[in-house]
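Worksheet: the structure to be examined is printed underneath.
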Amino acid sequence: MKLSREKVNHISNLIIKDFKKRDELDYTVDLNDIRLEIADEMMNYLKIDDMADEAARKILSSYTVNKAREGTQEWDVLYHKHYEEYLNKHDA
């Protein structure tokens, strides 16, 4: 996970502060409930991102022929390919 729970909470608080400033928005639920939902969705996305990263790295580590080294352009291309494939399979 690239962001801690505290950072996610901070970002969700900033979003809600911005919502409070907007006159064009009207709420039927408590803003804290909206903040909690935003934070939960962000955490879910970050978990999927972590799983995609792990899956891509696992596939790359299983290569036996032409094993690319991390940090090379070839590795980056293959990593992004497998990362995106995972996300597409899991509708992220």
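The values are calculated or read from the model by the stated rules, or taken from the named source; none is laboratory data. Everything numeric here is computed off the predicted structure, so don't read it as measured data. With ideal geometry, Cβ positions are generated from the backbone for all residues, glycine too; neighbour counts draw on all protein chains shown.
Contact annotation: residue pairs with Cβ atoms under 6 Å, 6 or more positions apart or on different chains, pairing a residue in segment 15-44 that is free of Cβ contacts under 8 Å to residues at least 24 places away in the same chain with a partner that is part of a loop (DSSP other than H, G, I, E, B) and surrounded by 10 or more Cβ atoms within 10 Å (Cβ to Cβ), are Phe19/Leu25.
Restricting attention to segment 1-35, the residues that are closer than 24 Å to His90 by Cβ and among the hydrophobic types (A, V, I, L, M, F, W, C) add up to 4. All conditions but one from (1) free of Cβ contacts under 8 Å to residues at least 24 places away in the same chain; (2) assigned to a helix (DSSP H, G or I); (3) of a type outside the set (Val, Ile, Thr) apply to Tyr86; the one that does not is (1). Residues of segment 59-92 being loosely packed, with under 14 Cβ neighbours inside 10 Å, of a type in the set (A, V, I, L, M) and either over 21 Å from the mean Cα position of the chain (by Cα) or within 27 Å of Met43 (Cβ to Cβ) (or both), which ones? Passing the criteria: only Val65.
Hey, can you tell me all the residues within segment 45-80 that are charged (D, E, K, R), without any contact (Cβ under 8 Å) to a residue 24 or more places away in the chain and within 20 Å of Lys2 (Cα to Cα)?
Start the filter on segment 45-80 by keeping residues that are charged (D, E, K, R), which leaves 47, 49-50, 53-54, 57-58, 67, 69-70, 74, 76.
Narrowing further to those that are without any contact (Cβ under 8 Å) to a residue 24 or more places away in the chain: 54, 57-58, 67, 69-70, 74, 76.
Answer for segment 45-80, where residues must be charged (D, E, K, R), without any contact (Cβ under 8 Å) to a residue 24 or more places away in the chain and within 20 Å of Lys2 (Cα to Cα): Glu54, Arg57, Lys58, Glu70, Asp76.
Residues that are exposed (fewer than 11 other Cβ atoms within 10 Å of the Cβ) and not hydroxyl-bearing (Ser, Thr, Tyr) were ranked within segment 2-13; the one that is modelled with the lowest pLDDT is Lys2.
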